[in-house]
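Q: Before we start, here is the structure in question, set down as structure tokens.
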Amino acid sequence: DACRKEIYQLKVVDDALMEKLYREREYHRALHDAIEKDHVEVFYQPIYDSKCELFTMAEALVRIRDPKLGLLFPDTFISIAEKDGTILGLGKIVFRKVCRFIREHDLDALGIQAIEVNLSPIQCRHRFLAEDYLKIAEEYGIDLNNIVFEITESATVGVARMGKMMQQLQKAGARFALDDYGTGYSNMINVMSLPFYCIKIDKSLVWSYFRHEDWILPKFVQIFKDDSLTIVAEGAETKDMTDGLIEMGCDYVQGFYYSKPVEEKVFLEFLKSHNETRKE
Ligand code: C2E
Ligand code: MG
Ligand code: MG
Ligand code: MG
């Protein structure tokens, strides 16, 4: 009987493992199809500017619309793309779509100052990242003043290489935000020696503050303010959280309370109803 139980348990583990492998393979397939067949989409999440009381920024977030699996979120395919190198191509596709968006719409009229674009550490390590992105921006006639690149500082990218890449893009007008602050990745000494104008506080740190009322978040906010860095808090899901973050001194707030990341069309409608009515 014990033996039968063990065999049964082994089979359960086996099935779970097989299913996991199968799912991984399907995501891999969907990722490669997406790049080849243009199933990549860019969603936009508006970011609230507490000083202007308008949504003056937005983050571009990649999605894959797979005919078989439906809408896929980055947690299913970014790590695969980073492992097999497709992140380089995927990143450029996303950037092209953002450039196309900026060219097609009058950002000033929408009330948007810049779109934030994520760069993975793998992309940052790539020698021609700056050249490639400058070329794309030029191809679309985009002013890089309209772009903020979000970078997660991870130990694997050398500060020298990172600094050079950032300088190249900065010269053309781009700005840089340190993403995922508080997830344990950032080495502040390295970070402070790089030209970031903005710190994005990760939602995990925001949530832990509102769960335990700890002192860490307000302290960080104070330190960054003393350093004249712009602060964006991520993951605000309620009015209380939003109000609390603004009161603490966060310059910008991003979260489901205002809007989830949405398709381009819905994003434009959101801006129409929120940025225009406030201006009068
Ligand atoms: P991230 O750059 O830190 O982006 C913020 C993530 O937090 C987004 O998830 C967004 O939907 C989510 N978020 C924002 N506010 C809230 C909230 O109030 N509640 C909750 N529960 N979540 C919130 P998403 O779109 O699933 O993206 C996950 C990650 O995938 C991103 O984290 C980023 O690291 C990566 N990613 C997304 N797009 C790209 C891309 O184009 N290129 C690269 N390299 N990475 C990307
Ligand atoms: Mg980001
Ligand atoms: Mg973030
Ligand atoms: Mg994050």
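Q: Pick out, in residue order, every one of the trypsin sites (Lys or Arg not before Pro) in region 13-110 that is DSSP loop and has at most 15 other C-beta atoms within 10 Å; say none if there are none.
A: Sparse-neighbourhood loop trypsin sites (Lys or Arg not before Pro): Lys51, Lys68.
Q: Note down the magnitude of the dipole of region 1-123 about its Cα centre, charges +1 on Lys and Arg C-beta and -1 on Asp and Glu C-beta and zero elsewhere, to the nearest 20 debye.
A: Values: 18 positive and 22 negative charges, 65 e Å.
So the magnitude is around 320 debye.
Q: If the chain between Glu24 and Glu6 were fully stretched, how many nm would it gain, using 0.36 nm times the residue separation less the Cα-Cα distance? Before the final figure, lay out the partial values.
A: Numbers: separation 18, 0.36 × 18 = 6.48 nm, distance 2.68 nm.
Difference between extended and current length: 3.8 nm.
Q: Explain nothing, just the number: dipole magnitude of region 177-236 about its Cα centre with +1 on each Lys and Arg Cβ and -1 on each Asp and Glu Cβ, in debye rounded to the nearest 20. Present the calculation step by step, with values, prior to reporting the outcome.
A: Working: 5 positive and 8 negative charges, 10 e Å.
Around 40 debye, computed over region 177-236.
Q: Counting other C-beta atoms within 10 Å, which of Asp132, Asp143 has the fewest, and how do the rest follow?
A: Details: Asp132 16, Asp143 13.
Fewest-to-most ranking of Asp132, Asp143: Asp143, Asp132.
Q: List, in order, the whole-Hz ³J(HN,Hα) value for each residue of region 212-229 obtained from phi through the Karplus relation with A = 6.51, B = -1.76, C = 1.60 and θ = phi - 60°; use x for Gly and Pro.
A: Computed from phi, the couplings for region 212-229 are 10, 6, 6, 8, 4, 4, x, 5, 4, 4, 4, 4, 5, 5, 4, 8, 6, 8 Hz.
Q: Roughly how many Å is it from the Cα centre of region 240-275 to that of region 225-239, as a whole number?
A: Spelled out, the Cα-based centre of one part sits 12 Å from the other.
Q: Also, quick follow-up: Among residues other than Trp207 whose Cβ falls under 13 Å from its Cβ, what is the net charge (Lys/Arg +1, Asp/Glu -1)? Mind dumping the intermediate values first?
A: On the way: positive: Lys203, Arg211; negative: Asp202, Glu213, Asp214, Glu234, Glu237, Asp240.
Value of the local net charge: -4.
Q: Can you compute the helix-only [θ] at 222 nm over the chain? Use -39500 (n - 2.57) per DSSP H run of at least 4 residues, normalise by all residues, nearest 500 deg cm²/dmol. Walk me through the intermediate numbers first.
A: Details: 12 runs with 152 residues, N = 280.
Using -39500 (n - 2.57) per qualifying helix, the result is -17000 deg cm²/dmol.
Q: How many angstrom lie between the C-alpha centres of region 1-76 and region 132-191?
A: What the calculation gives is 25 Å, centre to centre.
Q: Let me ask something additional. What's the Kirkwood radius of the chain in Å, using all Cα pairs? Don't jump to the answer; show the numbers that get you there.
A: On the way: mean 1/r = 0.0492 Å⁻¹.
One decimal place: 20.3 Å for the Kirkwood radius.
Q: Neighbouring Cβ atoms within 10 Å as the yardstick, rank Phe128, Phe196 fewest first.
A: Working: Phe128 11, Phe196 25.
The order, fewest Cβ neighbours first, is Phe128, Phe196.
Q: Give me the distance in nm between label points sitting 7 Å out from Cα along the Cα-to-Cβ direction at Met192 and Arg125, one decimal.
A: Once both label points are built, they end up 2.7 nm from each other.
Q: Once phi is turned into ³J(HN,Hα) by the Karplus curve 6.51 cos²θ - 1.76 cosθ + 1.60 with θ = phi - 60°, what whole-Hz value does each residue of region 90-97 show in order, with x for glycine and proline?
A: Running phi through 6.51 cos²θ - 1.76 cosθ + 1.60 with θ = phi - 60° gives 4, x, 5, 4, 4, 5, 4, 5 Hz.
Q: Hey, what do the phi angles of region 119-128 turn into as Karplus ³J(HN,Hα) couplings, whole Hz, using 6.51/-1.76/1.60 and θ = phi - 60°, x for Gly and Pro?
A: Karplus-based 3J(HN,Hα) across region 119-128 equals 10, 7, x, 5, 5, 5, 7, 6, 4, 9 Hz.
We did not get these values from a lab; they are worked out from the coordinates using the rules stated. Just so it is clear, the model here is predicted, and its values are computed rather than measured. We place every Cβ from the backbone using ideal geometry, glycine too, and count neighbours over all the protein chains shown.
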